[in-house]
Amino acid sequence: MPLLPGGLGPREAALTVALAGVTGAAAAAVLALALRAVSLAAELVAAAIAEIGALVLARRESKNLVGAGTARLRCGAGAAARTADGPKRTIVVVPTYDERDALPLFVERFACATSGMDLLIVDDSSPDGTGELADALAAQRPWMHVLHRAEKDGLGMAYRAGFAWSLARSYDVVGQMDCDLSHPPEKLAEMRTVLLECDADLVLGSRYLPGGGTDGWSRSRLALSRVGCHASRLALGLPFSDLSGGFKLWRATCLAAIDMDELLSAGYAFQVETTQLAHLAGARVEEIPFVFSERVAGTSKMTLRISLEGIRVTLALRRHHRPSRRPSALAAL
């Protein structure tokens, strides 16, 4: 099947064994190899189409986004006076599951890169002891907190728990990012500056603005990501360059205006849905570029099943959240 892992292996062996009794071993082997060749050709064609589409979209988007980046720079100019009166207490919510190897590296880099920001680790009862390690690290760091959840039931559910914990403790700014250092903690200070100086409600880190990018990705993976992101933008009518990056900084009032109990998504589509709801509520959303890096340790939680679920939920969001049903929830704040 196109885009599934290739190579001669269990699939071909199983097919050969299944057909050997009907066609003979030699004919079965030839047929299995022929089908594999067709599958490989389909993979190459699909990857080529995706890459060509991504290059066309990237060229088209870059013309629009360069102008948007200039507007963001003008937004910050002359607005520094508002920073002193802006929100101060900031916390960054970081869900974890089996991140024992990555967590100490992340905490050390977070501490070096940020000043005056708290950290909340939301651990979903990791069997590798990530939660216990987080407790030990937090015991020596007053700015670090740990929230333990009883089970792993989706990235979105972990974020919902972390957001509720943060809002209940009156933080003014709430961030979200991954633990594996694919999101650079060094960008958080810049994101907070944009949030305050531009009087924004939400700042998105974007891999696809000029100055952003991905480090360590193959061209086919990048192409598929770009096509998927653009498809989500078209399906939901959203103007933002990167809907699924998951690197965000929220003004607490904007986050509190989103009815988390109404969300459709519990997994990775949570990233798209919350941005959609903020936009429909009239939030001012800014973007800044960042470079997404491959994880420093551990294994990715992304699977084909999760990807397909994300596509299904994203399509459902178009029907579920309609602009006509969304008065500006931020207007009264």
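Tabulated results
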| item | result |
| --- | --- |
| Selection from segment 210-225 of residues that are within 15 Å of residue 245 (Cβ to Cβ), open to solvent by less than 60 Å² (accessible area, probe 1.4 Å) and among the small types (Gly, Ala, Ser) | 212, 213, 225 |
| Failed condition for residue 241, given (1) modelled with pLDDT of 75 or more; (2) more than 19 Å from residue 195 (Cα to Cα) | (2) |
| Lone unmet requirement of (1) open to solvent by 40 Å² or more (accessible area, probe 1.4 Å); (2) in a loop (DSSP other than H, G, I, E, B); (3) on the phi < 0 side of the Ramachandran plot for residue 261 | (2) |
| Residue count, segment 259-274 (criterion: farther than 22 Å from residue 209 by Cα and touching a residue at least 60 places away in the same chain (Cβ under 8 Å)) | 5 |
| Residue under evaluation residue 148, criteria (1) modelled with pLDDT of 95 or more; (2) in contact with a helix residue (DSSP H, G or I) (Cβ under 8 Å, 6 or more places away or on another chain); (3) surrounded by 18 or more Cβ atoms within 10 Å (Cβ to Cβ), criterion not met | (3) |
| Test: residue in segment 160-179 that is open to solvent by less than 40 Å² (accessible area, probe 1.4 Å) and at pLDDT below 95 | no |
| Qualifying helices (runs of 4 or more DSSP H) (wholly inside segment 102-213; at least 2 residues being within 19 Å of residue 278 (Cβ to Cβ)) | 155-168, 188-197 |
| Checklist (1) open to solvent by less than 30 Å² (accessible area, probe 1.4 Å); (2) more than 15 Å from the chain's Cα centre (by Cα); (3) among the aliphatic types (A, V, I, L, M) applied to residue 202, failing item | (2) |
| Scope segment 100-139; condition open to solvent by less than 50 Å² (accessible area, probe 1.4 Å), more than 20 Å from the chain's Cα centre (by Cα) and closer than 16 Å to residue 150 by Cα; matching residues | 126, 129, 130, 131, 134 |
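The values are calculated or read from the model by the stated rules, or taken from the named source; none is laboratory data. Everything numeric here is computed off the predicted structure, so don't read it as measured data. Reconstructed Cβ throughout: ideal geometry from the backbone, glycine too, with neighbour counts over all protein chains shown. Ligands, DNA and RNA are stripped out before the accessible areas are found, and what is left, the full protein with its side chains, is counted by its heavy atoms. Shrake-Rupley method; radii C 1.70, N 1.55, O 1.52, S 1.80 Å.
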